[in-house]
Amino acid sequence: PAYSSCQDLHQKPGSARRILASLDHFETRPEDHLFLFTCEIWKMDHWSEFRPGRFLLVEPRPLICGEDKQCQHCQDCAEEHDVVIPSATPAIEAHRFSYFERSV
């Protein structure tokens, strides 16, 4: 199964624990679980409890925000068995970026 951190998991305390409790095989085979984090800001509480599951990430050093709304880049969120995938960039945005292209 894959679960995204952008799908309302940040709204209720204890949501990560409820999800893990609902997974039949997480306790016995956590490494067989793949969790999808599609946001650059991880809003989910207790995300580290999803380890030793594997993560698919769009950002290897996501922003983690505290209750005081202060955010900082997480230096150790990604592990060597995780996969970083690029986030989608719409064609119009990619074209807009070409405006800033400079020759070296």
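The values are calculated or read from the model by the stated rules, or taken from the named source; none is laboratory data. Remember, predicted model here, so these are calculated numbers, not experimental data. Note: ideal-geometry Cβ built from the backbone for every residue, glycine included; neighbour counts use all protein chains shown. The protein model used for the area step is the full one, side chains on, heavy atoms only, and it has no ligands, DNA or RNA in it. Shrake-Rupley method; radii C 1.70, N 1.55, O 1.52, S 1.80 Å.
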- Message: I'm trying to understand the selection: among the residues of the stretch 54-69, which are assigned to a loop (DSSP other than H, G, I, E, B) and open to solvent by less than 70 Å² (accessible area, probe 1.4 Å)?
- Response: VAL58, GLU59, PRO60, PRO62, GLY66
- Item | Failed criterion for GLN72 (all others in (1) touching a residue at least 12 places away in the same chain (Cβ under 8 Å); (2) out of contact with any strand residue (DSSP E or B) (no Cβ under 6 Å at 6 or more places or on another chain); (3) not in a loop (DSSP other than H, G, I, E, B) hold) | (1)
- Item | All positions within the stretch 30-53 that are farther than 21 Å from ALA88 by Cα and either open to solvent by 30 Å² or more (accessible area, probe 1.4 Å) or part of a helix (DSSP H, G or I) (or both) | PRO30, GLU31, ASP32, ASP45, HIS46, TRP47, SER48, GLU49, PHE50, ARG51, PRO52
- Please work out which one of (1) without any contact (Cβ under 8 Å) to a residue 12 or more places away in the chain; (2) over 23 Å from ARG29 (Cβ atoms) is the condition VAL58 fails and give its number. (1)
- Go through the stretch 75-95 and count every residue that is more than 17 Å from LEU34 (Cβ to Cβ), free of Cβ contacts under 8 Å to residues at least 24 places away in the same chain and part of a loop (DSSP other than H, G, I, E, B). 5
